[in-house]
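Working notes, beginning with the structure itself.
The values are calculated or read from the model by the stated rules, or taken from the named source; none is laboratory data. Being a predicted model, the structure only gives us computed values, none of them experimental. Cβ coordinates were reconstructed from backbone atoms using ideal geometry, including for glycine residues, and neighbour counts include every protein chain displayed. Accessible surface is based on the protein model in full, side chains and every heavy atom, while ligands, DNA and RNA are left aside. Shrake-Rupley method; radii C 1.70, N 1.55, O 1.52, S 1.80 Å.
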Amino acid sequence: MLPFENNKRANPTGTSNAELSLAEPGMYQLDITLKRGHNLAARDRRGTSDPYVKFKIGGKEVFRSKTIHKNLNPVWEEKTSIMIEHLREQLYIKVFDYDFGLQDDFMGSAFLDLGSLEQNRSTEVTLSLKDPHYADQDLGTILLSVLLTPKEQQREGFQTQSIRLSDLHRKAQLWRGIVSVTLIEGRELKAMDPNGLSDPYVKFRLGHQKYKSKIMPKTLNPQWREQFDLHLYEERGGIIDITVWDKDAGKKDDFIGRCQVDLSTLSKEQTHKLELPLEEGEGFLVLLVTLTASAAVSIADLPINALEDLKEQEEILKRYSLVRMFHNMKDVGFLQVKVIRAEGLMAADVTGKSDPFCVVELNNDRLLTHTVYKNLNPEWNKIFTFNIKDIHSVLEVTVYDEDRDRSADFLGKVAIPLLSIQNGEQKAYVLKNKQLTGPTKGVIYLEIDVIFNAVKASFRTLMPKEQKYIEEENRISKQLLLRNFMRMKRCVMVLVNAAYYINSCFDWDSPPRSLAAFVLFLFVTWNFELYMIPLTLLLLLVWNYFLIISGKDNRQRDTVVEDMLEDEEEEDDRDDKDSEKKGFMNKLYAIQEVCVSVQNILDEVASFGERIKNTFNWTVPFLSWLAIVALCVFTVILYFTPLRYIVLVWGINKFTKKLRSPYAIDNNEVLDFLSRVPSDVQLVQYQELKHDPTHSPSKRKKNNPG
């Protein structure tokens, strides 16, 4: 049963909307592709501009494009989808020149009469830009591609339910297959830097899905060896657009070349090695592309329950039993999520109501419920099922308010690590803000079941973590920069304090302590063997385990919670008010990338130290037990095996790895393991808030969560 239907009115292709009655209200979806501009007006002193485009309907801004720097013939190729209630409304297009720290310059405007568009047919429209004060002035043109599709009108008198099929949430539909892409290497790329080299990276796009590779510095023959998956929605395939860029610090990145992969020409269930020449540039890209059938994802109404059907439940348990531990190692487990209802949601509309729908995400898998109109206590009663590829994934459930004339409004969110789920228990989860640092208004009722194979999950822990390709870009944030600095400072201070402690032993500040340390040093040095290193770590894990079960848990999170609550009110919405109030941050545009890099490095260093601490603190028992098993194995190997044999095996494996598997993706098992351990920030985000029905969420907002 497909949960998504595209209801269309009977309107023959090619029929103008002018022939229809515009007085009759209706729901229409307007899909717009902002393609490019031509001969735009120069607004900067150097005879160029930094143009961006705004779309408005009914006085409300519904879209803003990215800024193309120093170009009078910009190419955007950006898509948006807008819900239209009346065709008498006009689409107002305004073009501005972006100025750092100053008022943006007007570059022209145009109107698109929606009533003149043909329904169910994609049309290219060229609009001439004009200035109302200087009507005779030629300000260039804007090229759009528009598609107007009628929708079934929902009556407000009934508690009806509909599916939002805008391009914004197209990623939530059921996909028909998975495209597995491995970016191997580039060959003979074009030199873009004065040193005769480039710093290349690659961008992939399939529909709304995007992926960006890592940057390979100073090379024309980069070796990426990155793997990622994209969802395939079209039965006939699709086209992956690929562009290669040269990274330049402090200025616009240079374009190296582009190519495409037509998936309709590739056979399924087979790996294809592709050597793609770059158009508009030089060189080649080498890819491995595999098309596979869709993973087991589904949406059903509440009475249809896979785990209550004894036969199906037995099949699922058998699939993930220990007997099949080495069968299909990527299929780690099964997740079933029942989205039952929500209560006390925030009123997002002027009528004091909301039109809530729910998005359920597991890594890059996204599904959504229908919309319940004009209701603050919606009931969805939907069941979602997912295949689990990594047991350390986090289930994210977000509630939005559907708006017909602009993007959806955020109402609340919860993040639930799969390993923290208690099967078959219906729970009320307090909705959190966007940063997951504190409560917002409302609760959502979920019932979740997780079935997984522990052996497969353990092996998967030592493999690279799946990257999310739907993520917001990092931006400069004073609070975030300060918080990351404080986190890293705490990690560094642990090492500094340890060094002071050791130095105090050398200085005999405390004679008994120094004497004990001296005796221990002589004993360990005289009797030291290599196996004692993992044995010491093993004993530390066991010691902390017994401390925890004996009730002497000394793990602290208070400082991190306070840090995060300080920037709870900081929102990332890029609305028009922020863009017009150009403050100090916009003047730092030239060093923005450096600041973001420093901010991210601080986060990575701090997270690394916190993850090591949380491994020994038994924050995630599954991972701590896995560490104990690994350390036991290492201790036994190091005890019975001479070091030269271990180094010999390690060296032979490293030297022959590429010969045995030329396209193998390099990874570090220890770093992959640590990437699954949550940092202190993630612990706060995943912390479940207690539902107190006697207090309103607005009163709880300033309290410490949980």
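Just wondering, is there one or more residues in region 212-232 that are over 26 Å from Asp248 (Cβ atoms) and not in a strand (DSSP E or B)? Reasoning before the result, please.
Within region 212-232, the subset over 26 Å from Asp248 (Cβ atoms) is 227, 229-232.
Pick out the ones that are also not in a strand (DSSP E or B) and you get none.
No - not one qualifying residue is present in region 212-232.
When the criteria are applied in full, Phe452 meets the requirement of being touching a strand residue (DSSP E or B) at 6+ places or on another chain (Cβ under 8 Å), within 30 Å of Lys210 (Cβ to Cβ), modelled with pLDDT of 85 or more and open to solvent by 60 Å² or more (accessible area, probe 1.4 Å). Checked against the criteria, Gly352 does not count as at pLDDT 85 or above, on the phi > 0 side of the Ramachandran plot and not charged (D, E, K, R). For region 456-468, the tally of residues that are open to solvent by less than 40 Å² (accessible area, probe 1.4 Å) and of a type in the set (A, V, I, L, M, F, W, C) stands at 1.
Here Phe546, Phe528 are screened, and the one residue that is exposed (fewer than 12 other Cβ atoms within 10 Å of the Cβ) and at pLDDT 80 or above is Phe546.
Has region 173-184 got at least one residue that is touching a Gly at 6+ places or on another chain (Cβ under 9 Å), open to solvent by 30 Å² or more (accessible area, probe 1.4 Å) and either of a type in the set (Asp, Glu) or within 26 Å of Asn364 (Cα to Cα) (or both)? No, region 173-184 contains no residue that is touching a Gly at 6+ places or on another chain (Cβ under 9 Å), open to solvent by 30 Å² or more (accessible area, probe 1.4 Å) and either of a type in the set (Asp, Glu) or within 26 Å of Asn364 (Cα to Cα) (or both). Can you name the residue in region 311-352 that is in a loop (DSSP other than H, G, I, E, B) and β-branched (Val, Ile, Thr) and, of all such residues, is nearest to Glu379 (Cα to Cα)? So the residue we want is Thr351. Does Val75 satisfy being among the β-branched types (Val, Ile, Thr) and open to solvent by 30 Å² or more (accessible area, probe 1.4 Å)? In short, yes.
For residues that are of a type outside the set (D, E, K, R) and open to solvent by less than 30 Å² (accessible area, probe 1.4 Å), scanning just region 248-265, find the one that is modelled with the lowest pLDDT. Taking the candidates together, the pick is Leu263.
Looking across region 461-479 at every residue that is out of contact with any Asp or Glu (no Cβ under 7 Å at 6 or more places or on another chain) and under 19 Å from Ala606 (Cα atoms), the one that is modelled with the lowest pLDDT is identified as Asn474. Could you list, in sequence order, all residues of region 358-377 that are within 15 Å of Leu446 (Cβ to Cβ) and not hydroxyl-bearing (Ser, Thr, Tyr)? Scanning region 358-377 gives Cys358, Val359, Val360, Glu361, Leu362, Leu367, Leu368. Where strands (runs of 3 or more DSSP E) sit wholly within region 1-112, none has at least 2 residues that are at positive phi and modelled with pLDDT of 85 or more.
Could you check how many residues of region 267-286 are of a type outside the set (Asp, Glu) and part of a strand (DSSP E or B)?
Total satisfying the criteria: 9.
Pick from region 28-62 the residues that are free of Cβ contacts under 8 Å to residues at least 40 places away in the same chain and open to solvent by 10 Å² or more (accessible area, probe 1.4 Å): which of them is nearest to Ile84 (Cα to Cα)?
Lys56
Condition check ((1) under 25 Å from the mean Cα position of the chain (by Cα); (2) open to solvent by 80 Å² or more (accessible area, probe 1.4 Å); (3) polar (S, T, N, Q)) across all residues:
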site	(1), (2), (3)
Gln313	no, no, yes
Arg319	no, no, no
Thr351	no, yes, yes
Arg366	yes, no, no
Tyr373	no, no, no
Thr385	yes, no, yes
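Scan region 417-431 residue by residue and report those that are open to solvent by 10 Å² or more (accessible area, probe 1.4 Å) and either closer than 15 Å to Gln687 by Cβ or not polar (S, T, N, Q) (or both). Selection gives Pro417, Leu419, Ser420, Ile421, Gly424, Glu425, Lys427, Ala428, Tyr429. Considering every residue within region 649-661, establish whether at least one is at pLDDT 80 or above, more than 24 Å from the chain's Cα centre (by Cα) and open to solvent by 80 Å² or more (accessible area, probe 1.4 Å). Yes, because at least one residue in region 649-661 is at pLDDT 80 or above, more than 24 Å from the chain's Cα centre (by Cα) and open to solvent by 80 Å² or more (accessible area, probe 1.4 Å).
Scanning region 57-91 for residues that are under 20 Å from Arg36 (Cβ atoms) and more than 25 Å from the chain's Cα centre (by Cα) returns His69, Lys70, Asn71, Leu72, Asn73, Pro74, Val75, Leu91. In the list Phe616, Phe634, Phe608, Phe622, which residue meets the criterion of being closer than 30 Å to Val492 by Cβ and at pLDDT 90 or above? Phe622 is the lone residue from the list that is closer than 30 Å to Val492 by Cβ and at pLDDT 90 or above. Scan region 227-243 and tell me whether some residue there is modelled with pLDDT of 90 or more and open to solvent by less than 10 Å² (accessible area, probe 1.4 Å). The answer is yes, given that some residue of region 227-243 is modelled with pLDDT of 90 or more and open to solvent by less than 10 Å² (accessible area, probe 1.4 Å).
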